[in-house]
1. Mind telling me which of the residues Glu123, Glu67 ends up being over 24 Å from Ser49 (Cβ atoms), among the charged types (D, E, K, R) and in contact (Cβ under 8 Å) with a residue 24 or more places away in the chain?
2. Within segment 115-135, can you find the residues that are part of a helix (DSSP H, G or I) and either of a type in the set (A, V, I, L, M, F, W, C) or in contact with a strand residue (DSSP E or B) (Cβ under 6 Å, 6 or more places away or on another chain) (or both)?
3. Can you say whether Leu112 is more than 16 Å from ligand 1 (Cβ to nearest atom), assigned to a loop (DSSP other than H, G, I, E, B) and not aromatic (Phe, Trp, Tyr), as far as the supplied structure shows?
4. Just one of (1) among the small types (Gly, Ala, Ser); (2) at pLDDT below 95; (3) touching a Leu at 6+ places or on another chain (Cβ under 7 Å) trips up Gly57, so point out which.
5. Answer yes or no: is there a residue in segment 208-227 that is of a type in the set (Phe, Trp, Tyr), modelled with pLDDT of 95 or more and in contact with a Ser or Thr (Cβ under 9 Å, 6 or more places away or on another chain).
6. Within segment 77-109, restricting attention to residues that are assigned to a loop (DSSP other than H, G, I, E, B) and exposed (fewer than 13 other Cβ atoms within 10 Å of the Cβ), which residue is nearest to the chain's Cα centre (by Cα)?
7. Given segment 191-241, what strands (runs of 3 or more DSSP E) lie entirely inside it while holding 1 or more residues that are at positive phi and surrounded by fewer than 16 Cβ atoms within 10 Å (Cβ to Cβ)?
8. Of the residues that sit in segment 22-58 and are aliphatic (A, V, I, L, M), assigned to a helix (DSSP H, G or I) and over 23 Å from Ala238 (Cβ atoms), which one is farthest from ligand 2 (Cβ to nearest atom)?
Amino acid sequence: MTKTTTTTAVRLRGLTRHHRDVRALDGVDLDFAAGTFTAVMGPSGSGKSTLLQCAAGLDRPTAGSVEVGGTALEGLSERRLTLLRRDRIGFVFQSFNLLPSLTAAQNVALPLRLAGRRPSRTEVREALARVGLAGRERHRPGELSGGQQQRVAIARALITRPAVLFGDEPTGALDSTTSREVLAMLRRLVDEDGQTIVMVTHDPVAAARADRVVFLVDGRLAGELRAPTVESVAARMAGLEAPETASPGSDNPVGSLAC
Ligand code: ADP
Ligand code: MG
């Protein structure tokens, strides 16, 4: 029998996160299929980071459920959640968050050391080679460019072979050339290794590298694009960022009110 079922790496149901009266997330249902690359977009304050933090078990939702690799997060104790985060979830930030006093190899090996494992040289070398940093094992973050530092952070996030890699604007601090290189690498990780990636971005060029773009507005899902292009993403974002104001000189001011 041919296997045609797609596995769901991350399943969100009714995901809600309130901060007093601020509805950062308000009932989001989303599935991220294993081996796919999804971009999350939306205006500033629309809940993108909150969605990622809740999906990664870094923040506890007010209501709703998160399942990662088939495990429901809500019933887990703090300790089990910490273990699941360490072993099954990778996270990269805009600001790399490497430890400056450790070498690239030591940074990459850290999650395994925290798990009480002594990582082999080969394992770490291969992880760095996979992100195009063969030979940089002994460099410290300060001796690497921004793009290289982000690659080390990605190698560190992937060393445990997580079910999903989350990135909150991982290319946000990089110049456009370096950003393109990092995006090409993320794309390769999906295509060649079957990695699942969910990435928040503001950049239509970055989002267009994904298989699918989901849009958030005011903590709710506001549509999605499959097989996105730079143009289709930019057009959708322009519509979301100024939905109720017609641009001056617009041919069809009424049209801009339509969703
Ligand atoms: P985005 O990443 O899309 O810019 P966020 O997820 O950071 O949006 O924030 C969504 C909303 O929740 C915003 O209105 C933000 O001000 C609010 N918010 C986020 N974190 C907190 C917090 N810890 N306390 C209060 N409000 C918060
Ligand atoms: Mg954010």
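1. Just a single option satisfies the conditions, and that option is Glu123.
2. Across segment 115-135, the qualifying residues are Val124, Ala127, Leu128, Ala129.
3. Criteria not met by Leu112.
4. Just one mismatch for Gly57, condition (2).
5. yes
6. This residue is Leu99.
7. 220-226
8. Ala55
The values are calculated or read from the model by the stated rules, or taken from the named source; none is laboratory data. Note that this is a predicted model, so its numbers are computed, not measured. Note that we place each Cβ from the backbone using ideal geometry, even for glycine, and neighbour counts take in every protein chain shown.
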